[in-house]
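Presented below is the structure to which this report refers.
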Amino acid sequence: MVRVRFAPSPTGPLHIGGLRTALFNYLFSRKNNGKFILRIEDTDQQRYVPGAEQYIIDSLNWVGLKYDEGPDVGGDFGPYRQSERLDIYKKYVQQLIDNGWAYYAFDTPEELEQMRQRLREQKSPVQLYNHLTRGDMKNSFTLPEHEVKQLIEKGTPYVIRFNMPANQEIVVYDIIRGEVKVNSDTLDDKILFKSDGFPTYHLANIVDDHLMQISHVIRGEEWLPSLPLHWLLYKAFGWEPPKFAHLPLILKPTGKGKLSKRDGDKMGFPVYPLDWKDPNTGEIIRGYREWGYLPEAVVNILALLGWNPGTDQEIFTIDELIEQFSLERVQKHGARFDPEKAKWFNQQHLKRKSDDELLELFMPILENQGIKAERDYVKRVIQLLKERVEFIEDFWTKGSYFFERPKDYDPKAAKKAWKQNTSEIMLELKDFLSQIQDFSSKNLEEQLKNWVEQKQLSFSKVFTPLRLAIQGNTAGPHLFDMLELLGKQEVLIRIDNAIKHFSQSGK
RNA sequence: GCCCGGUUCGUCUAGUGGUUAGGACGCCAGGUUUUCAACCUGGAGGUCACGGGUUCAAGUCCCGUACCGGGUGCCA
């Protein structure tokens, strides 16, 4: 039985890198008819951010990554919040102490810093708390047993450390990278239990993954260096380790490093799934949803960042991704995020949506603008604009003139379109239009083209300013479809307005 | 510093010893259109990080170097 988990910590909004980890876990579980579990790793009280857990849940729901077990949906292996499992960790860490794999340490943070400082000054290649240095520190190796007992009883703060064995070749296996070998001397006696009574990630994740019967741990590459420790922990408990797969990181579009929260606003693309309001500063960082991205596009973008099916297919539904996904085809190296291609993906998914789906998405935006419009009318607008839109908002930003008369005329376009005698031509055109009874696109096109030819004018001399009068700019859908939709009366008013406007501005 | 991982057009990538190194985004040009977008056609863009091997043959296997990324916390 395949059981995988996504295990974020609620220290802030979920980053799209995290969302991709969740996605790959989800795809893998569905592909293998397994279970997908959400576990909240809230063992760091200092960094806990209120609202972050709900944000994670909302984000997963938005992109449609439904989990089978989790803090809000329950399951047979709960609780799914690590802060609610403290007793479990205590029990298991005691087991490690009893069999010699863990020990007490009483060093203060200052003393630890002193030790590292000392080792740095000695130009020691490694500055670790391990078998070479723990003899100089305050722990249950150096202190007599009764003193350890006394210190604990007195309430002296202590941590529990892993007893990292000396000079051992540790061979671990990763599905994406294969065998990885590490010598234990480069590892340290990691803290398993903090003095605040909370376990560290290292302990909690092993205990939980085992107890929750996780079969595959799929997580970010930043965890690869601690895989040997985790491997040893399984050994210390006498448990069979799950399979591991470490996903490559998502990097900034330019420059160096992994994608971070600041990159988005700086470079004009979102890094968070949903809007996030910082509880301290009140600052709002825009999310994919609010930016106008479709959840299916976000899934598609993320899926192809570090994975590919080996075919030329690039546009996928979630079901196609499930069908084709495999960990073996995950890339080893980090992938730079490309905001331009992200837009393209959104456009592709937008084009694949039905008019009715687009209508549902666009209506709220219209209402937000204070526009009341008939659904049938809006649907027609959508049909005309569909091919030239990247985001749902574009139906408004590129089509507001369907709902209100142009407030102004794009100066650049106007300069090109509205010449000396344009007003006269438009006046005549208005006259002609007012006599046309059948205001259908087809008939308009035929009649107007005839008219232009009879007048011995060029199409562009007539149609470009007409478009300008209608829209306020000169780029848009098929002119005659637009005229039909707007209707005769409105068209005549807009022509009139334009003539007035340009006569006032001196033309 | 030390440890781990990585390295194919600007970007995402195909490629698992024998191909003119293929595709996509973006860019440029042409076609179509009254216009824009979409669409179609074409183009530019890669000394496969570099240097050594192994081999009749290497982007593909091995070693070294460089560079990039990650880790090195009583963070996850």
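Remarks
- With every protein chain in place, chain A: carbon and sulfur % of accessible area (1.4 Å): 47 percent
- Restricting the stretch A:200-304 to GluC sites (Glu not before Pro) in coil, as DSSP defines it, with at most 15 other Cβ within 10 Å: A:E283
- Near A:I470, once Lys and Arg are set to +1 and Asp and Glu to -1 for all other residues with Cβ below 10 Å from its Cβ, the sum equals +2.
- With Cα atoms, 0 to 90° folded angle of helix A:355-368 axis to chain A main axis: 90 degrees
- Translational diffusion coefficient (Stokes-Einstein; Kirkwood radius from C-alpha pairs) of the stretch A:261-352 at 37 °C, 0.692 mPa s, in µm²/s: 228 µm²/s
- Under the convention that each Lys and Arg Cβ holds +1 and each Asp and Glu Cβ holds -1, the size of the dipole of chain A around its Cα centre is about 1360 debye.
- Karplus-derived 3J(HN,Hα), 6.51/-1.76/1.60, for each residue of the stretch A:7-19, Hz, glycine and proline x: 10, x, 10, x, 9, x, x, 5, 8, 5, x, x, 5
- Charged neighbours of A:L448, selected by a Cβ distance under 15 Å, balance to -1 (K, R count +1; D, E count -1).
- Based on the Stokes-Einstein relation at 25 °C and a viscosity of 0.890 mPa s, and on the Kirkwood radius from alpha carbon pairs, chain A is assigned a translational diffusion coefficient of 89 µm²/s.
- Spin-label pair A:K256/A:K415, simplified geometry with 7 Å Cα→Cβ offset, distance in nm: 4.4 nm
- Nonlocal amide H pairs with A:Y272, under 5 Å, H built at 1.01 Å: A:Y288
- Inter-probe distance in nm under a simple model that places probes 7 Å from Cα toward Cβ, at A:S460 and A:Q313: 4.4 nm
- Residue ranking by accessible heavy-atom surface, 1.4 Å probe, largest first, among A:H501, A:H246, A:H333 comes out as A:H333, A:H501, A:H246.
- For chain A, the residue among A:G18, A:L274, A:L492 whose Cα projects farthest onto the positive side of the dipole built from Cβ charges is A:L492.
- Rounded tilt (10° steps) of A:375-385 against the dominant C-alpha axis of chain A: 90 degrees
- Span from the the stretch A:31-74 Cα centroid across to the the stretch A:223-284 one, whole angstrom: 15 Å
- Given their separation in residues at 0.36 nm each and the Cα-Cα distance between them, A:D496 and A:D87 gain 139.4 nm when the chain is fully extended.
- Note that the stretch A:147-154 has calculated 3J(HN,Hα) couplings of 6, 4, 4, 4, 4, 5, 5, 6 Hz, one per residue in order, obtained from phi through the Karplus relation 6.51 cos²θ - 1.76 cosθ + 1.60 (θ = phi - 60°); glycine and proline are x.
- Ranking A:F403, A:Y288, A:N61 by Cα position along the charge dipole of chain A, where only Lys, Arg, Asp and Glu carry charges on their C-beta atoms, puts A:F403 farthest toward the positive end.
- Rounded tilt (10° steps) of A:488-504 against the dominant C-alpha axis of chain A: 90 degrees
- Two-site FRET efficiency, A:A166 against A:L211, from Cβ-Cβ distance with R₀ of 35 Å, rounded to 0.05: 0.70
- The stretch A:391-411 and the stretch A:164-214 have their alpha-carbon centroids 57 Å apart.
- Residues whose amide H falls under 5 Å from that of A:L192, counting only those 5 or more places apart or on a different chain, are A:I160, A:R161, A:F162, with hydrogens built in the peptide plane.
- Since only A:P242, A:T133, A:N421 are under comparison, the one whose Cα sits farthest along the positive direction of the charge dipole of chain A, derived from C-beta charges on Lys, Arg, Asp and Glu, is A:N421.
- Radius 15 Å from Cβ of A:A245, net charge of other residues (Lys, Arg +1; Asp, Glu -1): +3
- Debye log10 I(q)/I(0) at q = 0.26 Å⁻¹ for the stretch A:383-458, Cα point scatterers: -1.15
- Rounded accessible area per residue of chain A, 1.4 Å, Å²: 48 Å²
The values are calculated or read from the model by the stated rules, or taken from the named source; none is laboratory data. Since we're looking at a predicted model, the values are computed, not measured. For neighbour counting, all protein chains shown are included, and Cβ atoms are generated from backbone atoms with ideal geometry for every residue, glycine included. Keep in mind that these areas ignore ligands, DNA and RNA; they rest on the heavy atoms of the full protein, side chains included. Shrake-Rupley method; radii C 1.70, N 1.55, O 1.52, S 1.80 Å.
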